[in-house]
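Let me begin by presenting the structure, written as structure tokens, before commenting on it.
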Amino acid sequence: MSHSSKLVILDRDGVINRDSDAYVKSLDEWVPYPTAIEAIARLSRAGWTVAVATNQSGIARGYYSKSVLESMHQRLRELVRQAGGEIAHIAYCPHGPDDGCDCRKPLPGLLEEIRQALGLETLADSWMVGDSLRDLQAGEPMGCRPVLVRTGKGRRTEAKGEGLSQAMIFDDLAAYVDWLLATEADSAD
Ligand SMILES: O=P(O)(O)OC[C@@H](O)[C@H]1O[C@@H](OP(=O)(O)O)[C@@H](O)[C@@H](O)[C@@H]1O
Ligand SMILES: [Mg+2]
Ligand SMILES: [Zn+2]
């Protein structure tokens, strides 16, 4: 399998860090999965580009500010850098469900932002990894390959079963990265 763009786009809550039905409202509530940080670093070291696409309606809802959100993203960048990797771009939607924006997943606006930020012609054959159906739906019109992880809301999403016929499913981000890097190694032989 050739990976021309070698790009993996990650949902944030429930993939990189613990999610909460009460929203992740502060830096203290932003608890990364240690294996996810390590997995992102492994992707970087293997020459993959990693980006993040996250809905953050908690801003529109007044639960936290953009500067609090930015402090979470600074922490994320720091942890990944300490692990030997980097995150190329973090795209977020600060809007609420009724704001009529074009960047709230399942719309593809965040992925279009990433495509432009990375100067890519297309996101076809990149990967979109999420714990909710809307994450995978956002990647579909952009040609991203869908991956569901069982962390965060992933098991609930899997149990609902709808819209997952094209998705690969893994227990967590680390398991997906194990698979991806092993597959790449095979195809390089
Ligand atoms: O998984 P990502 O996209 O990184 O972020 C999801 C969060 O913004 C929040 O999204 C909310 O959905 P609504 O925005 O209220 O529909 C709820 O699902 C919360 O539990 C969740 O923490
Ligand atoms: Mg999520
Ligand atoms: Zn938006």
Item to check | Residue that is farthest from Ser57 (Cα to Cα) [pool: residues in region 128-143 that are more than 15 Å from ligand 2 (Cβ to nearest atom) and open to solvent by less than 60 Å² (accessible area, probe 1.4 Å)] | outcome: Gly143
Item to check | Residue count, region 116-143 (criterion: within 16 Å of ligand 3 (Cβ to nearest atom) and of a type in the set (D, E, K, R)) | outcome: 2
Checklist outcome for this item: Filtering strands (runs of 3 or more DSSP E) wholly in region 121-189 for at least 3 residues that are aliphatic (A, V, I, L, M) gives 145-149
Checklist entry - Quick one: is Ile114 part of a loop (DSSP other than H, G, I, E, B), hydrophobic (A, V, I, L, M, F, W, C), over 15 Å from Gly14 (Cα atoms) and open to solvent by less than 30 Å² (accessible area, probe 1.4 Å)? => result no
Item to check | First in region 82-106 and closer than 14 Å to Ile16 by Cβ and within 11 Å of ligand 1 (Cβ to nearest atom), second anywhere and modelled with pLDDT of 95 or more and in a loop (DSSP other than H, G, I, E, B), Cβ under 6 Å, 6 or more apart | outcome: Tyr92/Gln56
Checklist outcome for this item: Those residues of region 107-118 that are away from ligand 1 (no atom under 11 Å from the Cβ) and in contact with a strand residue (DSSP E or B) (Cβ under 8 Å, 6 or more places away or on another chain) come to a total of 6
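The values are calculated or read from the model by the stated rules, or taken from the named source; none is laboratory data. Owing to the predicted nature of the structure, the values given are computational and were not obtained by experimental measurement. All Cβ positions, glycine included, derive from the backbone under ideal geometry; neighbour counts span all protein chains shown. Just so you know, the surface numbers come from the protein's heavy atoms only, side chains and all, with ligands and any DNA or RNA stripped out. Shrake-Rupley method; radii C 1.70, N 1.55, O 1.52, S 1.80 Å.
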